[in-house]
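A short write-up of the structure that comes next.
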Amino acid sequence: MSALRRAQPSVARDHQSDSARAPTEPRARMKARQRLRPPRVLSYVDAVARQGSIRKAAEALNVASSALNRQILDLEADLGVALFERLPRGVRLTAAGEVFLAYARQAISELKAVESQIEQLRGLMRGQVSVAAVESVAGDLLPSAITRFQATHPNVRFNVRIGAPEELVAALVADQADLILTHDALPKKEVDILAQSRQALCALMVPDHPLASRDELRLRDCLAYPLALADSSLAGRALIERVLAQASFDLDPRLVSNSVEAMKAFARMNRGVCFQFRKPGKAPIAPGDMVAIPLMELPLLQAKLVLATRRGRALSIAASAFVDLLMGVLA
């Protein structure tokens, strides 16, 4: 009994000490707070679907593959249906898995949006915006827009990936990108077009090129000079092929590439011509070593740059604010 009485003051002192610390601990936790994380099982399903393998997904998430597999099995037991078909070399989504994956990615996306909105209420604008874009906007339009945005929102980080139009749409549908900027036609069922603007396909050349004094050109005018042409993965090539299908001539490029920078370098070094999407009208191209002259064939002159997101996606406040800026740029 006496031992119990002797212990009580110590317990009381500990309780008082905890009470004294209580007001300061939440603030310390807020400072060290990590970003909100979606329910673990949703992240697990998403990772396994992306990797096509439980082992690879476990490595990517830095968890034990047995623990990840157990979570998936428990979820399948709760749902009463298999989400993944087990194959000799990995796994594949079942029809039910496709349905659950869409829900998981939507939930993860909405959680990010909720976190962004809460931070906005706290007077902050932070987070990460993922943009997938065609290469034609990588050298000027996109970095310029990001620079303007971060001048007023320095806590927002950007993840930019450059790729072919099909890759961009796939990244958008898989929620690997918040937004895409592309020249290609988009599947209406899967994306929402937020804005679009004319970006004609132009001929690029050095300022003292024989064609550089012209205000407009046609493809036929470029035949006499070394040509660099995009490969079939880039949207510009498909438009050129549409024109050539109705023409009485063909192009004989000396270089075919999926890199706009490689084609520009070739045209500079060989006093040749390459092609790139630009705003309509003749214009110098920074740093001033090339000029862009619009091509007058209608499919090339009326080409468009499209800003889009996945249909039904809840964008974060940061992403929504960046959309507003981009819409102004495209307008």
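Every read-out reported here was derived from the displayed coordinates using simple, explicitly stated rules and does not represent laboratory data. Owing to the predicted nature of the structure, the values given are computational and were not obtained by experimental measurement. Backbone-built Cβ (ideal geometry, glycine too); neighbour counts: all protein chains shown.
Kindly provide the set of residues from the stretch 75-122 that are more than 30 Å from residue 155 (Cα to Cα), touching a strand residue (DSSP E or B) at 6+ places or on another chain (Cβ under 8 Å) and touching a residue at least 40 places away in the same chain (Cβ under 8 Å), ordered by number.
91, 92, 93, 97, 101
For the stretch 254-271, indicate whether the set of residues that are surrounded by 16 or more Cβ atoms within 10 Å (Cβ to Cβ), without any contact (Cβ under 8 Å) to a residue 40 or more places away in the chain and among the hydroxyl-bearing types (Ser, Thr, Tyr) is non-empty.
So far as the stretch 254-271 goes, yes, one or more of its residues are surrounded by 16 or more Cβ atoms within 10 Å (Cβ to Cβ), without any contact (Cβ under 8 Å) to a residue 40 or more places away in the chain and among the hydroxyl-bearing types (Ser, Thr, Tyr).
Do we find a residue being in a strand (DSSP E or B) and in contact with an Asp or Glu (Cβ under 8 Å, 6 or more places away or on another chain) anywhere in the stretch 109-118? So that I can check it myself, show each step before the final result.
Narrowing the stretch 109-118 to residues in a strand (DSSP E or B): none.
Scanning the stretch 109-118, I find no residue that is in a strand (DSSP E or B) and in contact with an Asp or Glu (Cβ under 8 Å, 6 or more places away or on another chain), so the answer is no.
Would you say residue 300 is part of a helix (DSSP H, G or I), over 25 Å from the mean Cα position of the chain (by Cα) and buried (at least 21 other Cβ atoms within 10 Å of the Cβ)?
Values: part of a helix (DSSP H, G or I): yes; over 25 Å from the mean Cα position of the chain (by Cα): yes; buried (at least 21 other Cβ atoms within 10 Å of the Cβ): yes.
In short, yes.
Spot the failing condition for residue 251; the list is (1) touching a Cys at 6+ places or on another chain (Cβ under 9 Å); (2) part of a helix (DSSP H, G or I); (3) over 26 Å from residue 194 (Cβ atoms), and only one is missed.
Exception for residue 251: condition (2).
Please count how many residues of the stretch 159-208 are farther than 23 Å from residue 230 by Cβ and free of Cβ contacts under 8 Å to residues at least 40 places away in the same chain.
Going through the stretch 159-208 one residue at a time, the tally reaches 3.
Counting only residues that are in contact (Cβ under 8 Å) with a residue 40 or more places away in the chain, charged (D, E, K, R) and in a loop (DSSP other than H, G, I, E, B), how many does the stretch 209-244 have? Walk me through it before giving the result.
Quick first cut of the stretch 209-244, residues in contact (Cβ under 8 Å) with a residue 40 or more places away in the chain only: 209, 211-212, 214-219, 222, 225-230, 233-236, 238-240, 242-243.
Checking the rest, the ones that are also charged (D, E, K, R) come to 214-216, 218, 242.
With in a loop (DSSP other than H, G, I, E, B) added as a condition, the list becomes 214-216, 218.
Residues that pass the stated criteria total 4.
So which residues in the stretch 64-102 are surrounded by 14 or more Cβ atoms within 10 Å (Cβ to Cβ) and among the small types (Gly, Ala, Ser), if there are any at all?
Of everything in the stretch 64-102, those that are surrounded by 14 or more Cβ atoms within 10 Å (Cβ to Cβ) and among the small types (Gly, Ala, Ser) turn out to be 65, 82, 90, 96, 97.
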